[in-house]
1. Can you tell me how much longer the chain between Ser48 and Glu208 gets when fully stretched, taken as 0.36 nm per residue apart minus their C-alpha distance, in nm with one decimal?
2. Explain nothing, just the number: dipole magnitude of the stretch 72-208 about its Cα centre with +1 on each Lys and Arg Cβ and -1 on each Asp and Glu Cβ, in debye rounded to the nearest 20.
3. Just tell me which lysines come within less than 26 Å, Cα to Cα, of Lys131; anything on the same chain fewer than 8 places away is out.
4. If you take every DSSP beta bridge fully contained in the chain, what fraction is antiparallel? Give it as a percent rounded to 5.
5. Is it possible to state the helix-based mean residue ellipticity at 222 nm for the chain, with each DSSP H run of 4+ residues giving -39500 (n - 2.57), the sum divided by total residues, to the nearest 500 deg cm²/dmol? What is it?
6. Once R0 is set to 25 Å, what does the formula 1/(1 + (r/R0)^6) return for the Cβ-Cβ distance between Lys176 and Tyr29, expressed as a FRET efficiency to the nearest 0.05?
7. How large is the convex hull of the C-alpha atoms of the chain per residue, in Å³?
8. Each label point is 7 Å from the Cα along the Cα-to-Cβ direction; what then is the distance between the points at Arg132 and Thr72, in nm?
Amino acid sequence: MNISFIRFVFVTCLFMFLLGCASSGALKYPIDSTSTTPGTSVALMGVSHQLLGTALLVGGGLPSIPLTDAYTMKKVDLSQMRGKVLVISLVPSVDTRVCEAQTHILGDLGARLPAAVQRITISRDTPFAQKRFSEEAKLHDIIFLSDYRDGSFGKATGLLVDDSMLLARSVIVVDKKGIVRFIQVVPELSHLPDFETAFSKAESLLNE
């Protein structure tokens, strides 16, 4: 068996384990208010990992990359979505505790946002795993999109973690014209993003 493939599987499993264990201890999820830059690096339990790809920039648009809708299996190009403010939550995997908490915050606390704000979760989980998670968690107001094929969205935004090839924990806010207005890339993958700031930014864009 190819040695590089074995290494990829091992590192991915280790990432999943650490991301899950990092949050054990009910509701003790550290929240980061700072951000690293797409295309640079993030840490997992203090160990640095490179972010691959082209850095997404505030003031630019989202890349034209098809993602797979977990419920319809249809291709969705977020760069073509107009008319709603988008709050996009990127998680390494919905099957870890920190990612589960992040997605519940988007779904439960984010429910206070007006209907003109569309909430979206993106991960490299298969669409089937995302759909299962959505149904079990009863999060039906979030669009779940998968970058499972080859991580193209992660590469096109500078948010693909080297070694694990999972997405970096991030939140992106896009205005009604398709322009990126806010990005937070959580510096430590075992921490949660600052959703309060992201939600406030999204609400402020509704009148623009």
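Bear in mind these aren't lab numbers, they're just calculated from the coordinates by the rules spelled out. From a predicted model like this one, the values you see are computed outputs, not experimental measurements. Positions of Cβ are backbone-derived with ideal geometry, glycine not excepted, and every protein chain shown enters the neighbour counts.
1. Values: separation 160, 0.36 × 160 = 57.60 nm, distance 3.83 nm.
Between Ser48 and Glu208, full extension yields an extra 53.8 nm.
2. Numbers: 18 positive and 18 negative charges, 110 e Å.
Approximately 520 debye in magnitude.
3. Within reach: Lys74, Lys75, Lys84, Lys155.
4. Working: 24 of 36 bridges.
Taking every DSSP beta bridge within the chain, about 65 percent pair in antiparallel fashion.
5. Numbers: 5 runs with 58 residues, N = 208.
Calculated at 222 nm, the ellipticity per residue is -8500 deg cm²/dmol.
6. Values: r = 31 Å, r/R0 = 1.23.
My answer for the efficiency is 0.20.
7. Numbers: hull volume 24.0 nm³, N = 208.
Convex hull of Cα atoms, per residue: 115 Å³.
8. 2.4 nm
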